[in-house]
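Working notes, structure below.
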Amino acid sequence: MKTMIYADNAATTKLDIEAFQAMKQFLIEEYGNPSQPYSFARKERKALKDARATIAECIGALPEEIYFTSGGTESDNWAIKSIALQNVMKGEIITSSIEHHAVLRSCDAMRELGCKVQYLPVTEKGIVQPIILKKYISNRTKLVSIMLANNEVGTIQPIADLAKIAHRNGALFHTDAVQAVGHIPIDVEKLGVDLLSASAHKFNGPKGIGFLYIRKGTDIIPYTDGGAQESGHRAGTENIASIVAMATSLKKNCVHLKENTKKLQYLEDCVVEILSASDIDFIRNGSENRVPGNVNISFRNAEGEVLVHRLDLLGICISTGSACDSINTQISHVLKEISVPGEYAKGTIRISFGISNTESEAITIGNSLIRILSKYKML
Ligand code: PLP
């Protein structure tokens with residue numbers, strides 16, 4: 001069987017084996033509903049409480065500030081729509097032009113209901129500058145939503161500075177931290193955020209589970225109405241097995257954060273050095289301050305889609321920097337906003353290493369890219 005190299009960890013990650021072991025018992029043996037008072041559900045109630053406490057500790061929050069959701073998309077939708085719906089017609093939202101679609105589409109939906117939405121431009125490295133936020137913000141602004149780390153180019157934003165500006169103007173601050181939680185140190189107090197979205201499958205947890213941090217005292221509309229779960233803010237029987245696995249994988253990632261970061265940066269360097277030693281013409285996108293493991297590069301006069309398909313034939317999974325439909329290959333909104341030059345933009349790929357990747361895999365990816373791109377030139 002052909003060996004497979006998976007280097008698309010910004011899309012999703014492999015479930016950690018300890019997380020898998022931890023969740024199993026809550027699927028088969030301990031399947032009670034934690035809302036029930038009998039002793040059979042005691043273990044589930046405790047597991048829920050412990051998982052909430054573990055997650056809170058990992059991000060410097062209080063357990064009662066963690067609300068379980070179905071993932072990053074739900075957390076983003078909840079944060080944005082909840083604040084906007086309290087202020088439609090009289091309030092405005094500020095976000096950036098390089099957010100994930102979970103944020104951008106949520107803002108679009110609120111705009112259709114009459115909420116004003118402003119999109120901050122970014123620098124060529126994908127940074128939202130505090131000075132730009134100062135220009136746009138006013139006392140009508142109810143929410144500022146800026147991602148902590150970008151999913152395409154990995155750029156980390158100056159969230160603490162941006163949150164201060166929001167608060168000085170009486171606005172709440174939300175950050176989509178889906179690409180950051182479990183990958184860089186997170187402390188909600190130091191960041192000064194009111195709302196923070198996270199998703200387990202980006203940090204070796206299961207898919208379809210995540211959380212929204214809501215600072216104590218923040219006035220937020222429930223995401224779903226029904227039972228009293230999640231302090232009456234997100235009704236529905238809890239996905240205990242996945243919640244337990246999420247807490248297990250997040251804690252493990254946080255404990256090993258330093259060594260993971262070192263390894264991922266080494267893997268990044270391997271690929272970039274191999275490409276730099278060749279005569280291939282490429283640029284690297286994003287800022288130097290980025291999530292570890294992200295290598296977003298644009299090759300001159302190449303097609304990202306073709307590179308992804310050719311690598312796939314070699315058993316290598318990476319991602320393209322452009323979104324494709326059946327007729328047009330489009331440059332992603334992020335690449336447009338950071339002004340990647342036209343002759344490079346279409347040739348963009350994103351390699352995102354994870355903790356299971358090895359040095360030899362990074363070398364294989366670098367060499368395979370050179371081989372494919374050299375053939376290209378001869379065509
Ligand atoms: N926000 C960012 C920055 C992401 O990268 C993603 C997923 O790619 C999401 C939100 C959506 O998360 P989920 O897949 O858990 O819904």
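The values are calculated or read from the model by the stated rules, or taken from the named source; none is laboratory data. None of the values given here were measured: they were computed from a predicted structure. In this analysis, Cβ positions are derived from the backbone assuming ideal geometry, glycine residues included, and neighbour counts consider all displayed protein chains.
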Seminar exercise, completed: Counting only residues in the range 40-54 that are more than 14 Å from Asn239 (Cβ to Cβ) and in contact (Cβ under 8 Å) with a residue 60 or more places away in the chain, the one nearest to the ligand (Cβ to nearest atom) is identified as Thr54
Problem set entry | Where Ile184 falls short, out of the listed (1) more than 17 Å from His201 (Cα to Cα); (2) surrounded by fewer than 24 Cβ atoms within 10 Å (Cβ to Cβ) | (1)
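How many of the residues making up the range 190-221 are modelled with pLDDT of 95 or more and either more than 16 Å from the ligand (Cβ to nearest atom) or aromatic (Phe, Trp, Tyr) (or both)?
Final tally of qualifying residues: 11.
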Exercise. Just wondering, is there one or more residues in the range 118-130 that are part of a strand (DSSP E or B) and either at pLDDT below 95 or not aliphatic (A, V, I, L, M) (or both)?
Worked result: yes
Seminar exercise, completed: Expected single match for over 20 Å from Tyr376 (Cβ atoms), at pLDDT below 95 and of a type in the set (A, V, I, L, M) among Ile355, Ile327, Ile338 is Ile327
Seminar exercise, completed: Pairing a residue in the range 95-111 that is touching a residue at least 60 places away in the same chain (Cβ under 8 Å) and surrounded by 15 or more Cβ atoms within 10 Å (Cβ to Cβ) with any residue that is among the hydroxyl-bearing types (Ser, Thr, Tyr) and part of a helix (DSSP H, G or I), where Cβ atoms lie under 9 Å and the two sit 6 or more apart in sequence or on different chains, gives His100/Thr73; Ala102/Thr73; Ala102/Ser75
For this session: Only residues in the range 276-296 that are touching a residue at least 40 places away in the same chain (Cβ under 8 Å) count as the first member; pair them with residues that are assigned to a strand (DSSP E or B) and of a type in the set (Lys, Arg), Cβ under 6 angstrom, at least 6 apart or cross-chain, and list the lot.
Result: Asn296/Arg350
For this session: Can you tell me which residue among Glu268, Glu259, Glu288 is under 20 Å from the mean Cα position of the chain (by Cα), under 19 Å from Phe353 (Cα atoms) and surrounded by fewer than 19 Cβ atoms within 10 Å (Cβ to Cβ)?
Result: Glu288
Problem set entry | Close pairs from the range 3-18: first of a type outside the set (Val, Ile, Thr), partner part of a loop (DSSP other than H, G, I, E, B) and surrounded by fewer than 20 Cβ atoms within 10 Å (Cβ to Cβ), Cβ under 8 Å, at least 6 apart | Met4/Gly315; Tyr6/Lys14; Tyr6/Ser356; Lys14/Ser356
Seminar exercise, completed: Here, strands (runs of 3 or more DSSP E) confined to the range 164-260 with at least 3 residues that are over 22 Å from Arg350 (Cβ atoms) are 172-176, 210-214
For this session: Go through the residues of the range 232-253 one by one and say whether even a single one is over 18 Å from the mean Cα position of the chain (by Cα), farther than 15 Å from Phe68 by Cα and surrounded by fewer than 13 Cβ atoms within 10 Å (Cβ to Cβ).
Result: no
For this session: Please find, within the range 71-86, the residue that is nearest to Asn239 (Cα to Cα) out of those that are more than 9 Å from the ligand (Cβ to nearest atom), surrounded by 24 or more Cβ atoms within 10 Å (Cβ to Cβ) and small (Gly, Ala, Ser).
Result: Ala79
Seminar exercise, completed: Residue pairs qualifying under the 9 Å Cβ cut-off, at least six apart or on distinct chains, with the first in the range 177-191 being touching a residue at least 24 places away in the same chain (Cβ under 8 Å) and the second being charged (D, E, K, R) and within 10 Å of the ligand (Cβ to nearest atom), are Val178/Asp76; Val178/Lys202; Gln179/Lys202; Ala180/Lys202; Val181/Lys202; Gly182/Lys202; His183/Lys202
For this session: Go through Ile146, Ile131, Ile137, Ile156 for me and flag whichever is hydrophobic (A, V, I, L, M, F, W, C), buried (at least 16 other Cβ atoms within 10 Å of the Cβ) and away from the ligand (no atom under 13 Å from the Cβ).
Result: Ile137
Exercise. Filtering the range 65-84 down to residues that are of a type in the set (Gly, Ala, Ser) and in contact (Cβ under 8 Å) with a residue 60 or more places away in the chain, which residue is nearest to Ala177 (Cα to Cα)?
Worked result: Gly72
